[in-house]
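Reviewing the structure listed below.
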Amino acid sequence: MGFLSNPFFNTRILQKPTIFRVQILKFCNVSHGEMTSSLNAFNEDAKTTQEAENICSLVSKIGDSRNLDTVLNSANLTDSLSPNLVLQVLKKLNNAGTMALTFFRWAENNRRFQHTPESYNALIESLGKIKQFKMVWSLVDEMNVKGLLCKDTFALVSRRFARARRVKEAIGAFEKMESKYGMKLELQDFNRLLDTLSKSRHVENAQEVFDKWTKRRFTPDIKSYTILLEGWGQECNFLRLDEVYREMKEDGLEPDVFSYGIMINAYCKAKKFDQAVKLYHEMEMKNIKATPHVYCTLINGLGSEKRLNEAIEFFELCKGSGCEIEVPTYNALVGAYCWSSRIQDAYRVVDEMRKCGLGPNARTYDIILHHLIKRQKTDEAYSVFLKMNEEVGCEPTASTHEIMVRMFCSKGRTDMALRVWDQMKTRGVLPGMHMFSALINRLCDDGKLDYACKYLQEMLDMGISPPDRLFKNLKQFLLKEGREDVIIIFAHQIEKLRKPLLVG
């Protein structure tokens with residue numbers, strides 16, 4: 001069946017009841033006054049979201065953070081500024097650190113506006129992404145002076161250092177909480193550091209911290225051990241996973257549903273699905289009730305191995321277990337059908353989700369798009385992408401746009417990649433490093449060097465440093481055309497961007 005003749009897409013995807021139906025169901029058992037209040041709050045949130053999109057659309061059209069102040073001042077936005085609006089804009093500028101900083105300072109200059117810990121943390125997140133750690137610490141000091149500093153801030157700083165592979169500084173940020181800023185370190189802070197290191201692929205360092213400080217500074221709980229189980233599981237190091245599991249039991253701690261879920265995930269990741277299923281049955285025998293996350297893990301794992309019948313069986317077990325089915329569980333089933341090349345059944349599940357008032361969401365369609373592209377169904381993928389704009393709650397995210405830009409670039413369709421790019425910026429969604437890289441490399445391959453230079457400049461203006469491989473590729477094409485002067489200009493900008501101090 002061709003995509004445009006698929007009745008699912010012709011008649012159903014255009015419906016927009018999902019979010020509103022869920023809201024109405026929530027209102028069924030409340031008073032008229034409560035319903036009015038909730039509706040007003042819902043409408044206010046929608047208005048703020050639209051305003052944030054409008055500001056980000058404006059920002060994305062400017063391209064250069066140096067001109068941002070002037071444009072924002074001329075847009076008469078100061079009357080509508082609220083902590084929630086500023087926070088939403090900063091989150092949307094997550095991939096554009098220098099622009100986020102300029103917007104943050106611009107908002108701060110409005111006498112009637114004051115930043116919150118959340119807005120500071122959002123800015124720290126985006127600056128940490130581009131490794132501007134001196135500025136990050138400067139913001140931490142600002143927060144401390146204003147009485148806004150909280151432990152969440154240090155968790156963010158540690159995570160950004162860990163992801164930049166600066167493990168010593170990640171641990172140092174944790175220690176500074178107490179040594180410099182006078183916050184008492186507790187077990188939950190210790191666990192948070194372990195989690196940060198483990199999830200940043202530094203589980204060996206997390207284990208060292210655990211071994212060094214356990215008993216001496218902190219007495220570990222089930223969560224401490226569970227974090228290490230997850231870390232070693234992500235590395236598929238079952239020898240170390242078993243050691244931690246044994247040590248946990250020796251410490252008098254029995255595995256709970258989260259520990260089992262993490263071990264099941266580890267076995268699925270290693271494609272040891274029979275062992276994962278065995279653990280599920282062991283858990284059930286101990287009367288430990290599986291969560292939707294455990295079922296989701298098994299459905300995802302078995303589905304990716306094209307063991308579709310077993311994946312469906314676990315979905316049905318989830319439905320019959322009394323668990324409240326969640327959107328990720330449905331998404332896992334959508335993925336399972338896609339892995340087995342049963343796209344029409346995936347569409348049927350999406351239809352069922354809509355009837356149940358559980359999505360779909362952008363992630364649902366990202367899964368379908370991924371598999372359509374794998375099967376070379378470019379036209380159908382683009383049609384799905386266009387339809388997403390028409391369904392509430394399914395609007396394309398930065399991830400969706402990246403999928404589409406990469407698809408068109410791989411097909412040599414830079415015209416379509418640029419069309420998607422422009423649609424994305426109109427919506428106020430800003431590209432990240434990987435999307436820029438895909439587009440610039442494709443433009444180089446097509447000999448469109450002026451366009452490639454234009455987008456590299458836009459990337460630099462957003463404060464995103466290009467990967468060495470990308471700049472090396474562009475340099476080779478520019479050298480062939482004798483444009484050494486352009487290379488020197490870009491090299492100077494990149495060097496300046498990579499300097500540790502960003503002026504605020």
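The values are calculated or read from the model by the stated rules, or taken from the named source; none is laboratory data. Computed from a predicted model, the values in this text were never measured in an experiment. Neighbour counts run over all protein chains shown; Cβ positions are idealised from the backbone, glycine included. Accessible surface is based on the protein model in full, side chains and every heavy atom, while ligands, DNA and RNA are left aside. Shrake-Rupley method; radii C 1.70, N 1.55, O 1.52, S 1.80 Å.
Please verify whether A332 is in contact with a Leu (Cβ under 6 Å, 6 or more places away or on another chain) and without any contact (Cβ under 8 Å) to a residue 40 or more places away in the chain, treating the condition exactly as stated.
Values: in contact with a Leu (Cβ under 6 Å, 6 or more places away or on another chain): no; without any contact (Cβ under 8 Å) to a residue 40 or more places away in the chain: yes.
It is false that A332 is in contact with a Leu (Cβ under 6 Å, 6 or more places away or on another chain) and without any contact (Cβ under 8 Å) to a residue 40 or more places away in the chain.
Of the residues making up region 448-487, those that are under 24 Å from the mean Cα position of the chain (by Cα) and either within 20 Å of V59 (Cα to Cα) or hydroxyl-bearing (S, T, Y) (or both) are Y455, L456, E458, M459, L460, D461, M462, G463, I464, S465. Does region 307-324 include one or more residues that are open to solvent by 20 Å² or more (accessible area, probe 1.4 Å), among the β-branched types (V, I, T) and either without any contact (Cβ under 8 Å) to a residue 40 or more places away in the chain or assigned to a loop (DSSP other than H, G, I, E, B) (or both)? Checking region 307-324: at least one residue is open to solvent by 20 Å² or more (accessible area, probe 1.4 Å), among the β-branched types (V, I, T) and either without any contact (Cβ under 8 Å) to a residue 40 or more places away in the chain or assigned to a loop (DSSP other than H, G, I, E, B) (or both). Residues in region 468-490 that are surrounded by 13 or more Cβ atoms within 10 Å (Cβ to Cβ) and either charged (D, E, K, R) or within 20 Å of G432 (Cα to Cα) (or both): 7 in all.
Scanning region 338-353 for residues that are open to solvent by 10 Å² or more (accessible area, probe 1.4 Å) and within 24 Å of the chain's Cα centre (by Cα) yields one hit, W339. Just wondering, is there one or more residues in region 382-405 that are in contact with a His (Cβ under 6 Å, 6 or more places away or on another chain) and assigned to a helix (DSSP H, G or I)? Looking through region 382-405, none of the residues is in contact with a His (Cβ under 6 Å, 6 or more places away or on another chain) and assigned to a helix (DSSP H, G or I). Within region 414-447, the residues that satisfy the criterion of being assigned to a helix (DSSP H, G or I), under 19 Å from L58 (Cβ atoms) and open to solvent by less than 10 Å² (accessible area, probe 1.4 Å) are W421, M424. The set of residues in region 284-297 being more than 21 Å from G231 (Cβ to Cβ), touching a residue at least 24 places away in the same chain (Cβ under 8 Å) and of a type in the set (A, V, I, L, M) consists of I288, A290.
Quick grid of which residues meet (1) small (G, A, S); (2) under 21 Å from the mean Cα position of the chain (by Cα); (3) farther than 25 Å from R498 by Cβ; (4) modelled with pLDDT of 95 or more:
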{"site": "K134", "(1), (2), (3), (4)": "no, no, no, no"}
{"site": "V140", "(1), (2), (3), (4)": "no, no, no, yes"}
{"site": "V157", "(1), (2), (3), (4)": "no, yes, no, yes"}
{"site": "R160", "(1), (2), (3), (4)": "no, yes, no, yes"}
{"site": "L193", "(1), (2), (3), (4)": "no, yes, yes, yes"}
{"site": "F210", "(1), (2), (3), (4)": "no, no, yes, yes"}
{"site": "S224", "(1), (2), (3), (4)": "yes, no, yes, yes"}
{"site": "L228", "(1), (2), (3), (4)": "no, no, yes, yes"}
{"site": "G231", "(1), (2), (3), (4)": "yes, yes, yes, yes"}
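Out of region 93-150, which residues are open to solvent by less than 30 Å² (accessible area, probe 1.4 Å) and of a type in the set (G, A, S)? Once the filter is applied, which keeps residues that are open to solvent by less than 30 Å² (accessible area, probe 1.4 Å) and of a type in the set (G, A, S), region 93-150 yields A96, G97, A100, A107, S119, A122, S126, G128.
Residue selection: Y330 satisfies the criterion of being closer than 22 Å to N389 by Cα, touching an Asp or Glu at 6+ places or on another chain (Cβ under 8 Å), among the aromatic types (F, W, Y) and open to solvent by less than 20 Å² (accessible area, probe 1.4 Å).
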